């Protein structure tokens, strides 16, 4: 495995796309280190990893994000958030975080949420002379909640490779996600209180406007209830729920909002297919690398090595948090999950850690990785749309990052924060 990891790091450092890094490192290992294993195992492993009904949920959730973007869902949620929070100091920051959290419960894609909210909010943020770097940092952090608040593509993958209930993991993310959102709202408010007069330009609250915008947003806000309620209630599988959500989103966009025209459908389908294909290719090539890791008995060897240093679960969780925060800075989250979770999960179970709790900790770490340079994808999206250098935005990421990391520590060492809802629903012990 030393050869495989060396090849992996070499190709990663020279800038090879991660999907090729995984496949090339595995293929070279089979050729030079394990010549007795036929190369046909590569195609077999790719096929087996993708031959999963649960995994079909990913293309549907990706398509749902495209529908959200094209169907006017983002704008109506922002309008409702403005009617609800527009009277508070730093109102545009409050609206950005609230709308990002609401979209997180619809799309499951952090980058899509950040792109949608940034495109709507940045012109007004600039007009009112808000601190654009801080605003972009806050939107990037709020957008990453799409990986914690269900439905989350990351949670679907973690549940699949760990043989966990998708519904249990979805429920586990709700409270930590909402606590993080409240923390980010507080962060934005405190920033605005210390800011200049531009943050005190607010809109008068009117109940009439709130009701009007809420009615327009209701069809969109009902989508999470269909997805989460259907899965938890046992009405749908995750894949079926994703497909029904796509149908629901199309009906809203075509017949209610009327923002989606039939002539747009081919382009929307192609866009969703391209985005989903990228994720599925990573899943396929990572499965080869993961098989090599398992075949070399790395999880057992690593467990023995860790137990030489500690027998305490809390120390293991500390090691994992530090490691994943570092990995999330330099590696694409989905690929890192596919490589590391099959190694780390058995050790966690051996330490007596609840697997749903551990999976949630993993997801929260990589959600933080999405806002951490140099690889943070939501940070890059927010910076690009704000027309700011990523380093300028990264410098203002400190307090949002502190809030997200604090919630991670709380969830890590107080498991009931994440496990309360799954236990209440009977999906976990």
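The values are calculated or read from the model by the stated rules, or taken from the named source; none is laboratory data. What you see is a predicted model; the values in this text were computed from it and never measured. So basically every Cβ, Gly included, is an ideal-geometry build from the backbone, and we count neighbours across all protein chains shown.
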Next on the checklist: Between 368, 337, which is modelled with pLDDT under 90, surrounded by 21 or more Cβ atoms within 10 Å (Cβ to Cβ) and under 21 Å from residue 159 (Cα atoms)?
Outcome noted: 337
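With the range 204-292 as the region, which helices (runs of 4 or more DSSP H) entirely inside it contain at least 3 residues that are surrounded by fewer than 16 Cβ atoms within 10 Å (Cβ to Cβ) and at pLDDT 85 or above? Give the steps one after another, and end with the answer.
Details: elements: 207-221, 223-232, 238-251.
Helices (runs of 4 or more DSSP H) meeting the threshold: 207-221.
Among 41, 37, 73, 31, which is the only one that is modelled with pLDDT of 85 or more and within 29 Å of residue 282 (Cβ to Cβ)? Full working, then the answer.
Numbers: 41 fails: modelled with pLDDT of 85 or more; 37 fails: modelled with pLDDT of 85 or more; 73 fails: modelled with pLDDT of 85 or more.
The conditions single out 31.
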Item to check | helices (runs of 4 or more DSSP H) completely within the range 301-398 that count 2 or more residues being in contact with a helix residue (DSSP H, G or I) (Cβ under 6 Å, 6 or more places away or on another chain) and closer than 29 Å to residue 428 by Cβ | outcome: 313-330, 333-350, 355-369
Next on the checklist: Can you confirm whether residue 182 is under 24 Å from residue 417 (Cα atoms) and free of Cβ contacts under 8 Å to residues at least 24 places away in the same chain?
Outcome noted: yes
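Which fully enclosed helices (runs of 4 or more DSSP H) of the range 97-186 have 3 or more residues being modelled with pLDDT under 90?
Because the criterion is at least 3 residues that are modelled with pLDDT under 90, the helices (runs of 4 or more DSSP H) in the range 97-186 that meet it are 110-127, 153-162.
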Next on the checklist: What's the total number of residues in the range 186-197 that are surrounded by 15 or more Cβ atoms within 10 Å (Cβ to Cβ) and either farther than 16 Å from residue 84 by Cα or in contact with a helix residue (DSSP H, G or I) (Cβ under 6 Å, 6 or more places away or on another chain) (or both)?
Outcome noted: 5
Checklist entry - Based on what the data block shows, is residue 289 touching a helix residue (DSSP H, G or I) at 6+ places or on another chain (Cβ under 9 Å), touching a residue at least 40 places away in the same chain (Cβ under 8 Å) and under 30 Å from residue 91 (Cβ atoms)? => result no
Checklist entry - Mind checking whether some residue in the range 146-157 is surrounded by 22 or more Cβ atoms within 10 Å (Cβ to Cβ), farther than 30 Å from residue 52 by Cα and under 22 Å from the mean Cα position of the chain (by Cα)? => result no
Next on the checklist: Anything in the range 1-20 that is in contact (Cβ under 8 Å) with a residue 40 or more places away in the chain and under 27 Å from the mean Cα position of the chain (by Cα)? List them, or say none.
Outcome noted: 8, 12, 18, 19, 20
Item to check | Considering residues of the range 35-82 that are outside any helix (DSSP H, G or I) and in contact (Cβ under 8 Å) with a residue 60 or more places away in the chain only, the residue surrounded by the most Cβ atoms within 10 Å (Cβ to Cβ) | outcome: 71
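Taking residue 301, is it buried (at least 19 other Cβ atoms within 10 Å of the Cβ) and without any contact (Cβ under 8 Å) to a residue 24 or more places away in the chain?
Details: buried (at least 19 other Cβ atoms within 10 Å of the Cβ): no; without any contact (Cβ under 8 Å) to a residue 24 or more places away in the chain: yes.
For residue 301, the condition - buried (at least 19 other Cβ atoms within 10 Å of the Cβ) and without any contact (Cβ under 8 Å) to a residue 24 or more places away in the chain - is not met.
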